[in-house]
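Below is one structure, written out as structure tokens, with a few remarks after it.
Each value in this text was obtained by applying a stated rule to the coordinates, not by laboratory testing. Keep in mind that this is a model prediction, so the values were computed, not measured. Note: ideal-geometry Cβ built from the backbone for every residue, glycine included; neighbour counts use all protein chains shown.
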Amino acid sequence: TVTTEMRQDLERSRSLLTKLTQQVPGVLFELVLHQDGRVTCPFVSAMAGELFARSPIEIEADIRCAITRIHRQDLARLRRSMLHSADNLSSWRAEYRVDLPREGLCWRELTAKPTRGPDGTIVWHGFTTDISERKRAEQTIRQFNEKLERRAHYDVVTGLPNRVLFRDRLEQEMK
């Protein structure tokens, strides 16, 4: 019958969505900002277990369990960026840290597009991924550049500024 066919179609669609989201190297989500300020997450993919150490069922039931994983120094900035996105209906992009029980401090990047619902709610559909490796590489490059800069401008033995730094500063002052 029609009802049975509709159920089968729905089940096939669910199965396809599950298979697709399991192949994505991050978390797909739907996040809702209600008019009263509440935030809910009606959908989050299975990768939430890896990226937030919380199951999709836990997060969908109460988003606060995932929010508690966000580093406290990043919470206010993340909320401000969310509200800016909501006010302007602009893309939401943010980098933030999470503190996980086993892995410790990790970095995440969030990208989402908002839409305004007929009831005034803001709904984001987006993606969060692990950028910890990239952040470690950036830190390594920064440290290398600092060491290189130091070696280029200071004598290795005495630690005093060398001729290159002296000439550079002299040229800057003469301009």
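From the helices alone, meaning DSSP H stretches of at least four residues, give me the mean residue ellipticity at 222 nm for the chain, per-run term -39500 (n - 2.57), in deg cm²/dmol to the nearest 500. Let's see the in-between values first.
Values: 7 runs with 88 residues, N = 175.
Value at 222 nm, helices only, nearest 500: -16000 deg cm²/dmol.
Here Cα Rg over 2.2 N^0.38 Å was computed from the coordinates, and among (1) 1.53; (2) 1.40; (3) 1.15 the match is (1). Roughly how many Å is it from the Cα centre of the stretch 104-125 to that of the stretch 1-54, as a whole number? If we compute the Cα centre of each part, the gap is 14 Å. Within the stretch 90-165, the proportion of C-alpha pairs whose separation exceeds 16 Å stands at 69%.
To one decimal place, what orientation-averaged projected area in nm² is obtained for the convex hull of the Cα set of the stretch 67-134? Spell out each step's value before the answer.
Values: hull surface 19.9 nm².
Averaged projected area of the stretch 67-134's Cα convex hull equals 5.0 nm².
Relative to the longest principal axis of the Cα atoms of the chain, helix 132-153 runs at roughly 10 degrees. Report note on the peptides 37-50, 75-88, 131-144: ranked by the mean count of other C-beta atoms within 10 Å, highest first, their order is 37-50, 75-88, 131-144. Seen against the Cα atoms of the chain and their longest principal axis, helix 163-174 is set at about 80 degrees.
Projecting the Cα atoms of Leu89, Leu105, His125 onto the dipole axis of the chain, where Lys and Arg carry +1 and Asp and Glu carry -1 at the beta carbon, places Leu105 farthest toward the positive end.
Give the whole-number value, in cubic angstrom per residue, of the convex hull volume spanned by the C-alpha atoms of the stretch 15-108.
Working: hull volume 10.5 nm³, N = 94.
With only Cα atoms used, the stretch 15-108 gives 112 Å³ per residue.
For Glu149 and Lys175, what does the FRET efficiency come to when R0 = 25 Å and r is the distance between their Cβ atoms, rounded to the nearest 0.05?
0.75
Sorting the segments 9-15, 164-170 by their mean number of nearby beta carbons within 10 angstrom, highest to lowest, gives 164-170, 9-15. Using the Cα gyration tensor of the stretch 133-175, with a ≥ b ≥ c the square roots of its eigenvalues, what is the shape: rounded (a/c below 1.5), prolate (a/b larger than b/c) or oblate (neither)? Note, shape of the stretch 133-175 comes out oblate.
Computed from Cα positions, the angle between helix 72-88 and the longest principal axis of the chain comes to roughly 60 degrees.
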